[in-house]
Amino acid sequence: MKKYFHKPCLACLAALSALALTGCHSHNESAHSADGHSEEVHAEGEAEKEADAHGHDANEIVFEPEQAAEAGVAVDTLRPGSFAEVVAVTGQVLPAQGSEATVTATMAGIVTLTNATLTDGAAVASGQALFSISARQMADGNPAAAAAAELEAARQDYERAKKLAADQLIAARELETARQRFETATATAQSLGNAKQTRSVAAPIGGYVKNVLVRSGDYVSAGQPLATVTQSRRLQLRAEVPERHYNILPRVESANFRLASGGNRTVYSLASLGGSLVSCGRAVDTDDFFVPVVFEFDNVGDIVPGSFAEVYLLGSPREGVLSLPVSALTEEQGLHFVYVRTSRHTYRKTEVQTGITDGARVEITHGLKAGDVVVTKGAIQVKLAASSSVVPEGHSH
């Protein structure tokens, strides 16, 4: 018996091949799509986990309350307030009138310091002997004694001339000559004092020795300055105002100042030092074109007369001004920034534009609004926390 095998249809084979290829391609696309979706979901999940772990965005600075307290960070809520018009000028701290006295020699001679510890800054009492002057070693003798002898001789001649003139035995011209000699001798003797060969010179007021102008063994003449004594309880601040700011002078009420040299960068307020306006110039000095404005205030103990200062003249107040302490600002490449607290443990670095400053506070013209909580003390510490590679505890990146 014969078996017959039929040949397969070519059309059928082509259809089966196409179906198989389509099935494989669909399977591969489905697998690839499933893998990509899985990776995307995984990435989104990681981002959400990271955001949940930190609780803040990348622009915020994390500084925990405990760290802020330890670093001395202080904040304040920004509110509109009063801010005076300001003119920044230069000036100098001077002793007040009557608070300094010059010790002068009362006769010519060789001076000696009564105390070897008499140096600049030494405390002295009113009437305390500071120097002694001796005429014993002078080649021409004691000038005071010579003046006293001349006075006595002139007095006797004048008395005798008056008697002779009364009897008309001498002319009136001779009497007048005798009188002039007597008056001249009297004035000379009074200027030199009595005829003692050694005389002490005392401090006219109590206070501190500002400077000693002579040394033991120096020769001094009558009236020569020997030392300066200052009380330094009241001082003057003399501001030199350029003539272009003359129009503000009628409105000047007070001033702030900061010493221009040394490590003391404290800003002093005349209002807190019992200060007051003493005088205001009405004309410009023809030599330097500046108008002087003088204030007087109590010395707080660390202000040295003669120091130069940066002076901020305060005029009429302006209301509704946003301002911050100067310590709130940091500077980077000429731009100013502050740090705004956005939550209990986060801060945001914010660029601001500033206006005028009175030395202690500065006007904020752009970048902040009323109600912002701004770091006013310890801004540098917050800045360091932002750039530090050490991440605070509980926040790992």
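The values are calculated or read from the model by the stated rules, or taken from the named source; none is laboratory data. Computed from a predicted structure; not experimentally measured. Cβ sites come from the backbone with ideal geometry, for glycine too, and all protein chains shown count toward neighbours. What goes into the accessible areas is simple: the full protein's heavy atoms, side chains included, and nothing from ligands, DNA or RNA. Shrake-Rupley method; radii C 1.70, N 1.55, O 1.52, S 1.80 Å.
Gly334 meets each of the listed conditions (1) touching a residue at least 60 places away in the same chain (Cβ under 8 Å); (2) open to solvent by 40 Å² or more (accessible area, probe 1.4 Å); (3) at positive phi; (4) of a type in the set (Gly, Ala, Ser) apart from (1). Restricting the stretch 227-258 to residues that are charged (D, E, K, R) and assigned to a helix (DSSP H, G or I) leaves a set whose member that is surrounded by the fewest Cβ atoms within 10 Å (Cβ to Cβ) is Arg244. For the stretch 382-392, filtering for residues that are under 27 Å from the mean Cα position of the chain (by Cα) and either aliphatic (A, V, I, L, M) or open to solvent by 80 Å² or more (accessible area, probe 1.4 Å) (or both) leaves 2. Contact map, the stretch 212-224: residues that are farther than 10 Å from Val111 by Cα and open to solvent by 60 Å² or more (accessible area, probe 1.4 Å) paired with residues that are of a type in the set (Val, Ile, Thr) and at pLDDT below 90, Cβ distance under 6 Å, separation 6+ or inter-chain. No pairs are found. For the stretch 318-337, the set of residues classified as more than 22 Å from the chain's Cα centre (by Cα) and part of a strand (DSSP E or B) consists of Arg318, Glu319, Gly320, Val321, Glu332, Leu335, Phe337, listed by residue number. Pull up the stretch 338-360, narrow it to residues that are more than 23 Å from the chain's Cα centre (by Cα) and β-branched (Val, Ile, Thr), then point me to the one that is most open to solvent (accessible area, probe 1.4 Å). So the residue we want is Thr342.
Being over 30 Å from the mean Cα position of the chain (by Cα), of a type in the set (Gly, Ala, Ser) and at pLDDT below 90 is the requirement here; does Gly223 meet it? Yes, satisfied. The sole residue among Arg199, Arg233, Arg238 that is closer than 26 Å to Gly109 by Cβ and among the basic types (Lys, Arg) is Arg199. The numbered conditions (1) over 30 Å from Ala116 (Cα atoms); (2) modelled with pLDDT under 90; (3) buried (at least 16 other Cβ atoms within 10 Å of the Cβ) are all true for Asp167 except (3). Restricting attention to the stretch 369-380 and to residues that are surrounded by 18 or more Cβ atoms within 10 Å (Cβ to Cβ) and within 27 Å of the chain's Cα centre (by Cα), the residue that is nearest to Thr77 (Cα to Cα) turns out to be Val374. Note on the stretch 77-101: among residues that are touching a strand residue (DSSP E or B) at 6+ places or on another chain (Cβ under 6 Å) and farther than 26 Å from Gly275 by Cβ, the one that is surrounded by the most Cβ atoms within 10 Å (Cβ to Cβ) is Leu78. Here Leu151 clears all of (1) open to solvent by 50 Å² or more (accessible area, probe 1.4 Å); (2) closer than 25 Å to Gly223 by Cβ except the condition numbered (1).
Would you call Arg265 at pLDDT below 90, over 29 Å from Leu368 (Cα atoms), among the basic types (Lys, Arg) and open to solvent by 60 Å² or more (accessible area, probe 1.4 Å)? Spelling it out, it is not the case that Arg265 is at pLDDT below 90, over 29 Å from Leu368 (Cα atoms), among the basic types (Lys, Arg) and open to solvent by 60 Å² or more (accessible area, probe 1.4 Å). Every test in (1) small (Gly, Ala, Ser); (2) outside any loop (DSSP other than H, G, I, E, B); (3) closer than 23 Å to Val93 by Cβ is passed by Ser261 save one, and that test is (2).
Across the stretch 300-317, the qualifying residues are those that are closer than 12 Å to Val93 by Cβ and part of a strand (DSSP E or B), and the one among them that is most open to solvent (accessible area, probe 1.4 Å) is Phe308.
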